[in-house]
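Comments concern the structure below.
The values are calculated or read from the model by the stated rules, or taken from the named source; none is laboratory data. As the structure is a prediction and not an experimental result, all values here were calculated from the model. Because the Cβ atoms are built from the backbone with ideal geometry, glycine has one as well, and the counts that use them run over all protein chains shown.
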Amino acid sequence: MLVLICLSCAIAADLNGRVVSVADGDTFTLLTSENQQFRIRLAEIDAPESGQPYGKSSKQALSRLIFGKDVRVVIQATDRYGRIVGRPYLDSVDVSEEMVRLGAAWVYPDYVIDQALFDIENEARAASRGVWGLHQSQRVEPWNWRRGLGSAGHLPTGCMIKGNINRKGDQIYHAPGTRSYGATRIDESKGERWFCNKQDAENAGWRAPRN
């Protein structure tokens, strides 16, 4: 959840610097000319989580846009994690807007100010760009994904069971709606995978969590 807090007056309305790292599709680190680092959360949008379908692609889209480049961040607030929440600009390009245009992020309804973002999202959806090209079963809003829910807050259907491998090497599957579902991230490069039903997971050697 993105809980916003008013900024201290010590922080200016704009922040300028170079993007030195990108964490995911809506978070990056900015290095100023004073050698200060700030963690920036893109305002008014929500990108797929790292373990979510299209999560890696969303991160790559943001990296292509801004990594290693100088940007100006128009600050709106800070969140409960201490990140600055703002709209970054690369010259005249509004980065939050561009991520929505690419289909690499959703408009965040609970925090959106710029209502024109919904028109841009509708255009991306109509063109099946980015997340809008995914099957409906995998196209889950990040705020619902974090709660273990599907699109529009419903329990998801389709191949949404997470086959996770823990630090001990145990293969454990997590079904939507269970306690650890939202926090579990899937990294297919490590052998983790998605399953369509519990029987498929068990047949492949995964087990249900014990707690």
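Step by step: first the residues of the stretch 180-211, then only those that are among the basic types (Lys, Arg) and exposed (fewer than 11 other Cβ atoms within 10 Å of the Cβ), then the one that is farthest from PRO48 (Cα to Cα). Which residue is that?
ARG210
Please specify each residue of the stretch 145-178 satisfying the condition of being modelled with pLDDT under 85 and either surrounded by fewer than 19 Cβ atoms within 10 Å (Cβ to Cβ) or charged (D, E, K, R) (or both).
ARG146, ARG147, SER151, ALA152, GLY153, HIS154, LEU155, THR157, GLY158, CYS159, GLY177, THR178
Being outside the structural domain of ARG193 (by TED's automatic domain parsing), farther than 23 Å from SER128 by Cα, of a type outside the set (A, V, I, L, M, F, W, C) and at pLDDT 95 or above is the requirement here; does ARG83 meet it?
When the stated conditions are applied, ARG83 does not pass them.
Could you list, in sequence order, all residues of the stretch 16-45 that are in a loop (DSSP other than H, G, I, E, B), acidic (Asp, Glu) and within 19 Å of GLU97 (Cα to Cα)? Break it down into steps so the answer makes sense when it comes.
To start, the set of residues in the stretch 16-45 that are in a loop (DSSP other than H, G, I, E, B) comprises 25-26, 32-36, 43-44.
Keeping just the survivors that are acidic (Asp, Glu) gives 26, 34, 44.
ASP26, GLU44, listed by residue number.
Return the residue satisfying two criteria in turn: it lies in the stretch 92-113 and is crowded, with 16+ Cβ neighbours inside 10 Å and of a type in the set (D, E, K, R), and of such residues it is farthest from LEU42 (Cα to Cα).
ARG101
How many of the residues in the stretch 67-102 are of a type in the set (D, E, K, R) and outside any loop (DSSP other than H, G, I, E, B)?
Matching residues across the stretch 67-102 total 8.
Sort out which residues of the stretch 16-26 are within 16 Å of LEU90 (Cβ to Cβ) and surrounded by 15 or more Cβ atoms within 10 Å (Cβ to Cβ), and write them in order of number.
Within the stretch 16-26, GLY17, ARG18, VAL19, VAL22, GLY25, ASP26 meet the criteria.
Across the stretch 157-198, which residue is nearest to ASN211 (Cα to Cα) among those that are in contact (Cβ under 8 Å) with a residue 60 or more places away in the chain and β-branched (Val, Ile, Thr)?
Ranking the qualifying residues of the stretch 157-198, first place goes to THR184.
Select from the stretch 179-205 the residues that are over 17 Å from the mean Cα position of the chain (by Cα) and of a type in the set (Ser, Thr, Tyr) and write down the one among them that is modelled with the highest pLDDT.
The selected residue is SER180.
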